[in-house]
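Single-structure report; data block below.
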Amino acid sequence: MLILYDINHIKIAALQNAKDPKLERELSGLETLSFSYPQSDSRCVQIQNEGFIRTETNEYVIKEVNPKTNWTDIIAKVNTDDLYGKEFDSFDVSDNLTNTSNLALAGTGWTVVCDFIKIRHIKLVFKNSVDIFKEIINIWNCDIWFDAINKRVYLYNKMGSDKGAYFIDQLN
């Protein structure tokens with residue numbers, strides 16, 4: 001279920017007629033929600049840039065509203081705007097993943113949930129919190145998920161599970 005909120009986080013309505021909702025997650029943890037909505041529905045005019053859409057698991061900021069003939073295409077990104085706003089002139093840390101992540105989140109209102117404690121060194125200049133986390137997942141070789149509703153960053157040694165399926169191009 002998709003729920004529409006205005007730019008002030010005031011609930012407007014459920015978007016029951018959303019067509020083909022699709023969620024794409026990048027390796028950096030950032031997610032994109034896209035779907036189409038009928039222009040004949042009165043709620044369509046209330047869907048505006050910088051409004052919010054919530055699902056059962058996350059919150060997204062509407063970045064694009066593209067009207068077509070009978071449908072409007074909407075593209076929304078996971079709400080990490082607080083993390084983009086936190087800039088670091090210098091970020092030089094030699095510590096475990098939890099403490100390094102907490103330093104990257106200082107002053108943003110976000111917290112970190114981590115399931116392992118490897119010690120590594122990270123040194124960056126002129127980066128925001130999201131850029132720091134992109135580097136963290138490379139250095140610590142971990143998986144990441146941004147929970148915008150609860151303002152948490154989850155760092156896992158491995159996300160998901162092995163389903164036993166694989167592809168071989170030489171077979172058949």
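The values are calculated or read from the model by the stated rules, or taken from the named source; none is laboratory data. Only a predicted model underlies this, so the values are computations on that prediction, with no experimental measurement involved. In this analysis, Cβ positions are derived from the backbone assuming ideal geometry, glycine residues included, and neighbour counts consider all displayed protein chains. These accessible areas exclude ligands, DNA and RNA; they are computed on the full protein's heavy atoms, side chains included. Shrake-Rupley method; radii C 1.70, N 1.55, O 1.52, S 1.80 Å.
Points to keep in mind about this one:
- Among the residues making up region 125-145, those that are open to solvent by 30 Å² or more (accessible area, probe 1.4 Å) and either in contact with a Cys (Cβ under 7 Å, 6 or more places away or on another chain) or in a strand (DSSP E or B) (or both) are Val125, Phe126, Lys127, Asp143, Trp145.
- Matching residues in region 11-27 - criterion: being out of contact with any Phe, Trp or Tyr (no Cβ under 7 Å at 6 or more places or on another chain), open to solvent by 90 Å² or more (accessible area, probe 1.4 Å) and either closer than 14 Å to Arg43 by Cβ or polar (S, T, N, Q) (or both): Gln16
- Selection status of Asn157, without any contact (Cβ under 8 Å) to a residue 12 or more places away in the chain, open to solvent by 50 Å² or more (accessible area, probe 1.4 Å) and not hydroxyl-bearing (Ser, Thr, Tyr): no
- Note on region 66-106: residues that are within 28 Å of Leu4 (Cα to Cα), of a type in the set (Gly, Ala, Ser) and either out of contact with any Phe, Trp or Tyr (no Cβ under 6 Å at 6 or more places or on another chain) or in a helix (DSSP H, G or I) (or both) total 1.
- Restricting region 41-96 to residues that are of a type in the set (Asp, Glu) and over 24 Å from Trp140 (Cβ atoms), the residue that is nearest to the chain's Cα centre (by Cα): Glu59
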